[in-house]
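Below: the structure, in structure tokens.
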Amino acid sequence: MAGTKETNLILKSDDLGDSVYSLTLKGLPSTTQRSMTFKTALGSDIGRAFKFTHYLQKPTTYQCSIERLGAQKVETPTGKKQEKKKDKKQQELLDFSLESNTLQAPPAESYDGIEIQLNVKFEPSTLGESRAVLILSSPEAGEYQCMLYGASTFPQPKGPFKFGAGKAPPIEFKNPFFTAADYDIRIDNPSFSTSVKSPLKLDVRLLLSTGKLIVIGKKDA
């Protein structure tokens, strides 16, 4: 763990007596700059495991959090990147999330430590890049940090979906934005239809399960 401790090293000899050395032990915080990269299409998500070595020889609990770094980079209609500033209400909205805000670590059985992992999910809310830092902190075991880099691409077609006789299977679609959005539903073949009326308004990150085939989204102004 990080900190300073004083102790003695004693060498005993029947012929020469005891030789005592005063030791000052300094444990420094982790300085390794680690990073994880995520890439997925808008409307999808991807998960990865952050792994680190836990050295404390007793159980402890890590507090886990994610903090955004800088402004979010988004694509403009011309293809150029620009900084997208967030207001105070949106500062806590992140494209990265954790399955839990705490992580229970068992005691390390040797000085080699044990490997611990925490799952991180990236679900983009816009086209472009997202940056954040993952922080795991324990008063006894110290702090670990990892840079998170996320990149999103244009939504990708899903399917194919097979339709037979009887009730059509549902097709799930999720609004990936942090604001409500209107969606136009288009079907390019008159042999297919849907009971959902267009335009369809979906609330923040709402998952819709319906029988529609093709969905094209546009964000509210």
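The values are calculated or read from the model by the stated rules, or taken from the named source; none is laboratory data. Note that the structure is predicted; figures quoted are calculated from it, not measured. Cβ atoms come from the backbone with ideal geometry, glycine included; neighbour counts cover every protein chain shown.
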Problem - Where a residue in the stretch 2-24 is on the phi < 0 side of the Ramachandran plot and outside the structural domain of Tyr55 (by TED's automatic domain parsing) and its partner, wherever it lies, is of a type in the set (A, V, I, L, M) and outside any strand (DSSP E or B), with Cβ under 8 Å and at least six apart - result: Ala2/Leu28
Practice task
Please go through the stretch 171-185 and pick out each residue that is among the acidic types (Asp, Glu) and surrounded by 13 or more Cβ atoms within 10 Å (Cβ to Cβ).
Solution key: Asp182
Exercise for the section: From the list Glu6, Glu83, pick out the single residue that is closer than 27 Å to Ala108 by Cβ, loosely packed, with under 15 Cβ neighbours inside 10 Å and at pLDDT below 95. Expected result: Glu6
Problem - Test result for Lys73, at pLDDT below 90 and either at negative phi or surrounded by 12 or more Cβ atoms within 10 Å (Cβ to Cβ) (or both) - result: yes
Exercise for the section: Name the single residue, out of those in the stretch 7-37 being in a strand (DSSP E or B) and under 40 Å from the mean Cα position of the chain (by Cα), that is nearest to Gly113 (Cα to Cα). Expected result: Gly27
Practice task
Report whether or not Ala168 is at pLDDT below 85 and surrounded by 12 or more Cβ atoms within 10 Å (Cβ to Cβ).
Solution key: yes
Fill in the blank from the handout: Looking across the stretch 130-144 at residues that are surrounded by fewer than 16 Cβ atoms within 10 Å (Cβ to Cβ) and not polar (S, T, N, Q), the single one that is modelled with the lowest pLDDT is Glu140
Problem - Residue that is within 18 Å of Thr61 (Cα to Cα), among the polar types (S, T, N, Q) and out of contact with any His (no Cβ under 9 Å at 6 or more places or on another chain), where the choices are Asn119, Asn189, Asn175 - result: Asn119
Problem - Output for the stretch 191-221, where each listed residue is hydrophobic (A, V, I, L, M, F, W, C) and modelled with pLDDT under 70 - result: Val204, Leu206, Leu207, Leu208, Leu213, Ile214, Val215, Ile216, Ala221
Problem - Single unsatisfied condition, Asp188 versus (1) at pLDDT 80 or above; (2) surrounded by fewer than 17 Cβ atoms within 10 Å (Cβ to Cβ); (3) in contact with a strand residue (DSSP E or B) (Cβ under 7 Å, 6 or more places away or on another chain) - result: (3)
Handout entry: Check on Ser130, among the polar types (S, T, N, Q), touching a Gly at 6+ places or on another chain (Cβ under 8 Å) and assigned by TED's automatic domain parsing to the domain that holds Tyr62
Key = yes
Problem - Of residues in the stretch 176-199 being within 25 Å of Thr126 (Cα to Cα) and among the aromatic types (Phe, Trp, Tyr), the one farthest from the chain's Cα centre (by Cα) - result: Tyr183
Practice task
Grab the strands (runs of 3 or more DSSP E) fully contained in the stretch 101-140, keeping just those with 2 or more residues being among the β-branched types (Val, Ile, Thr).
Solution key: 114-122, 128-138
Exercise for the section: Could you check, for the stretch 145-157, whether at least one of its residues is modelled with pLDDT under 90, surrounded by 18 or more Cβ atoms within 10 Å (Cβ to Cβ) and within 20 Å of Pro29 (Cβ to Cβ)? Expected result: no
